[in-house]
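Novice: Just passing along the structure, written as C-alpha cells.
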Amino acid sequence: MEEKDARLKLFFNELYASSNLKSKNKETQIQYIDTLADLGITVTSRSIARFKTNAAEEHAEIVDSALAEHVEKAMVLNIDDYHSIHTPRMPNTTTTSTAAHLATILMNPITTQAAIPQENIHNPLLVDANLIKLNIGNQFMTLYSLTHNQRWGFRTVDDNTRLEELTVHSYDVRLKEKRHIRSIKDVVLIDLQENQLHSMGEYIDAINAVTSVPFIWQYIEKGHIIPLVADWPGQIHLRTAISRYLLYKDSSNITNNILSFLSIIGPLHISLNSRELVFLQYRPFFTEMYKYIFGPKKPLAQTPKPWRINLLLEIFRSLGRKFRKRFVFKKKEKEKEKSDESVSLTAMKMPEVHLSHLPLGFNALHKPNLFHYCDSTNCSVFFSVNPNPIRILACGHSYHESCHTNNDFKCLHCLGLLQDGIDRNVQSLLESLQNLNKKKKERTKK
Ligand SMILES: [Zn+2]
Ligand SMILES: [Zn+2]
C-alpha cells in the first residue's frame, strides 16, 4: 500500500508516532496529537492543554486548602529525586537517555506536634567543630569502646522481626509487610517537577516551588520553621545555600526564605549510608564471603542492593558470636602457646590490607602495643602489683580496668584521632560552604 502512494507512508509514520509519544519533543507531540484529532480518534492538543492548565490550577488550590487544615501544626518537607524507570533509556545523538529526572516535593503535616518557632536555629559558625568534638567526647566515646555485639548483645529474634530488619531499606512493592509503612495519608504532594537535584541552584528551585504556595508563604512569615528531610547531597546543597545567605545576605542572590528551612537527615539515611560505608571499606572481604556462600557463579554486584548488604553484615555479625571468645582473649593469652586461633587477614582474602581496614586504634598516633598490657599514657599499675584485669576495647587498644576508669571509660588515643579528623573535615567543609565564587559560576551557568 505504502509503495503505491508515498504520502501514505508519511501518514502511517505519523500515525505510529502519535501512538508512541514518549520519545518525541513537545512540538512534534502536539502535531501528532492534532493528526489523531483530525482522524476523530482523540481531542485536539488545545483541549489537552486546557485540561492540563485546569488540573494544575486545581492542584495548587487543593495543596493550599489541604495544608491550611494544619496551620498550627509542624510541617516536615521532603525533597527527593524520582527516577522514572518506565521511560526508554536508549541513547541517541543528542541525549544519553530519555529517562526524565524528576523531583518529588512532599509536605508532611505532623498533626501531633505544634509548629516549630524559628529561634536561633542556624549556628552563625555554620559548622561548629568544637560542638561536635565535645559531644563525641561526652556522649559517644564510651560506646565506641564496645564492639557491635557487645553494644547490642546477641539478641535472638523471631523470623518476622529479622525479615523486617533486613528489608528495612527495601522499597520493593512486592513486600506486603511494608505497605502499611509506606502509607502517606496526610502527605501533600506540592510539586513533581523536572529537576535533577544536582546543584544548589536546583535545590533552590525546589524550595521556590514550596514558598510559592500561599499557605507556606504565610506559614514562614509567621516565624515557623520547616525541617527538610533530604539525602546527603541535599544536606550539602541546602546547607551551602543557608551558609551563603548567612554570610553574604542579599549579595548571595538567595532570598531569606532559605532560613526558614532546616535540612536534617533521617535515621534511615544514616543507617543506610553507614552500612554502605562499612561494606565499601571491606568490599574485598565481603565479595569473598558472598562467593563462598552463594557459589562462584553468582558474583556480588558492584553496588549491591541495601538488603543484600544488610544480609552480609548480619551473617558476619553472627559469625562474630562464634569467634567472640577467641577474639577477645587472644591478646591476654599471647604469651601462652602461639595458637592457630588468631585470624590472619590474608585468610580473609584481603592481601592488600590498609590501615583503614584495621580497627580505629591502628590509625591513631599511638598504635595498640602488642607487648604492653596497657596503652594508657598515665598508667600507674605496676606489673608486679596484684594483677589488674585488662579490657581490650573495640578500637584495639587495651587498658587496665582501673586506667580505663580513670580515663572516664574512653580511649583517649582514639578520641584524639577523631578530634583531629573532625577539625580537618570541618575546615574543608567550611571552605566549600563559604566559597561564593564557585556558587556565582553555578548560577550564571543556568
Ligand atoms: Zn583506642
Ligand atoms: Zn594501665
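The values are calculated or read from the model by the stated rules, or taken from the named source; none is laboratory data. Please read these numbers as outputs of a predicted model, since none were measured by experiment. Neighbour counts run over all protein chains shown; Cβ positions are idealised from the backbone, glycine included.
Novice: Could you check the range 239-277 and list, in sequence order, the residues that are of a type in the set (A, V, I, L, M, F, W, C), part of a helix (DSSP H, G or I) and surrounded by 15 or more Cβ atoms within 10 Å (Cβ to Cβ)?
Specialist: The answer is A241, I242, L246, I258, L259, L272.
Novice: Another one. Find the residue count for the range 114-136, including only residues that are more than 24 Å from the chain's Cα centre (by Cα) and at pLDDT 95 or above.
Specialist: Total meeting the criteria: 2.
Novice: Residue check, N407 against (1) at pLDDT below 85; (2) surrounded by 13 or more Cβ atoms within 10 Å (Cβ to Cβ), all met but one. Which one?
Specialist: (1)
Novice: Among the residues of the range 39-59, is there at least one that is modelled with pLDDT of 70 or more, assigned to a strand (DSSP E or B) and under 30 Å from G266 (Cα atoms)?
Specialist: no
Novice: Please give the number of the condition L417 fails out of (1) closer than 21 Å to R151 by Cα; (2) surrounded by fewer than 20 Cβ atoms within 10 Å (Cβ to Cβ); (3) within 11 Å of ligand 1 (Cβ to nearest atom).
Specialist: That leaves (1) as the condition not met.
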